[in-house]
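The values are calculated or read from the model by the stated rules, or taken from the named source; none is laboratory data. Owing to the predicted nature of the structure, the values given are computational and were not obtained by experimental measurement. Note: ideal-geometry Cβ built from the backbone for every residue, glycine included; neighbour counts use all protein chains shown.
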Amino acid sequence: MDKMLRASQRFFDLSEEEKREYAGGKVLDPIRYGTSFNLMVDKALFWRDYLKCHVHPHFNVPSKPHGFSETVDEYITKSREVVGELLKGISLSLGLEENYIHKRLNVELGSQFLILNFYPPCPKPELVMGLPAHTDHGLLTLLMENELGGLQIQHKGRWIPVHALPNSFLINTGDHLEILTNGKYKSVLHRAVVNTKATRISVATAHGAPLDTSVGPAPELVGDENPAAYRAIKYRDYIHFQQSNELDRRSCLDHIRI
């Protein structure tokens, strides 16, 4: 885990010219370096640089710095193993067979995104956000960060700081897990704040269905007493919708809620 954090720092230490080689303009570009969430719709830039890579089922990462791609490959492979075990536990918790989610959504060929976030010190952190309130697309997101912290989750209308623990993952449940489980598992509304003292780096791996798979409530979790709460939507279309609109809490889920 430390190795991945160090590799992330080395990428952001590249010259701006080198990093701009990976600047992308489209939501699903295989590799995309930039600032803010969506430059086309955001009203303001956020105090953050990022690198987003679509790393599974096809492996796309920058060739710089030296050794970066090898470190990423090792890290994302281990991350998929962790998520695989978590999804088995979630299936069992719903009274379904252990591999239900894997089979239902073809998880072995599912999408995995690597997102590196770089939040430098900010002279006036009360005036900006690192990343505004949002939920994640997909099933589960594994988040690792250096020891500075900065993540907050919303609970009962209040923002609660999440204190970073060394060598640990924070697991965020995503929108598509909420859709698939018909609301039994809820996606987590969260945001990132910045500080005046030091740079925060976080490494997220987001795991979901194949892009062209339609995700709706599992038939086994729907009935007369529990009608479907969401309409099915193709994973690719959901991502485009989410990232073509200003981040606004749970607007994407609300869009497909029945």
For this session: Take the residues in the range 33-52 that are at pLDDT below 95 and among the basic types (Lys, Arg), then tell me which one is nearest to PHE113 (Cα to Cα).
Result: ARG48
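For THR77, are the conditions met, namely being surrounded by fewer than 15 Cβ atoms within 10 Å (Cβ to Cβ) and assigned to a helix (DSSP H, G or I)? Please lay out each step first, then the result.
Numbers: surrounded by fewer than 15 Cβ atoms within 10 Å (Cβ to Cβ): yes; assigned to a helix (DSSP H, G or I): yes.
So THR77 fits the description; yes.
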Exercise. Quick one: ILE171 ticks every box in (1) within 28 Å of GLY95 (Cα to Cα); (2) surrounded by fewer than 19 Cβ atoms within 10 Å (Cβ to Cβ); (3) without any contact (Cβ under 8 Å) to a residue 40 or more places away in the chain bar one, so which box is it?
Worked result: (3)
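If you check HIS190 against the conditions, is it crowded, with 18+ Cβ neighbours inside 10 Å, closer than 17 Å to LEU94 by Cβ and in contact (Cβ under 8 Å) with a residue 40 or more places away in the chain?
Details: crowded, with 18+ Cβ neighbours inside 10 Å: yes; closer than 17 Å to LEU94 by Cβ: no; in contact (Cβ under 8 Å) with a residue 40 or more places away in the chain: yes.
No, not satisfied.
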Problem set entry | Exclusive hit being touching a Leu at 6+ places or on another chain (Cβ under 7 Å) and either surrounded by 22 or more Cβ atoms within 10 Å (Cβ to Cβ) or not in a strand (DSSP E or B) (or both), set GLU126, GLU98 | GLU98
Exercise. Could you count how many residues in the range 188-205 are under 24 Å from GLU74 (Cβ atoms) and either modelled with pLDDT under 90 or out of contact with any Asp or Glu (no Cβ under 6 Å at 6 or more places or on another chain) (or both)?
Worked result: 6
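Within the range 121-130, is even one residue in contact with a Ser or Thr (Cβ under 7 Å, 6 or more places away or on another chain) and either at pLDDT 90 or above or closer than 24 Å to PRO62 by Cα (or both)? Step through it out loud before you land on a result.
First, pick out the residues of the range 121-130 that are in contact with a Ser or Thr (Cβ under 7 Å, 6 or more places away or on another chain): 121-123, 125.
Filter again for either at pLDDT 90 or above or closer than 24 Å to PRO62 by Cα (or both), leaving none.
No; the residues of the range 121-130 include none that is in contact with a Ser or Thr (Cβ under 7 Å, 6 or more places away or on another chain) and either at pLDDT 90 or above or closer than 24 Å to PRO62 by Cα (or both).
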Problem set entry | Any pair with Cβ under 9 angstrom, 6 or more apart, that starts in the range 95-119 at a residue that is under 27 Å from MET1 (Cβ atoms) and ends at one that is modelled with pLDDT under 95 and part of a helix (DSSP H, G or I) | SER111/ILE239
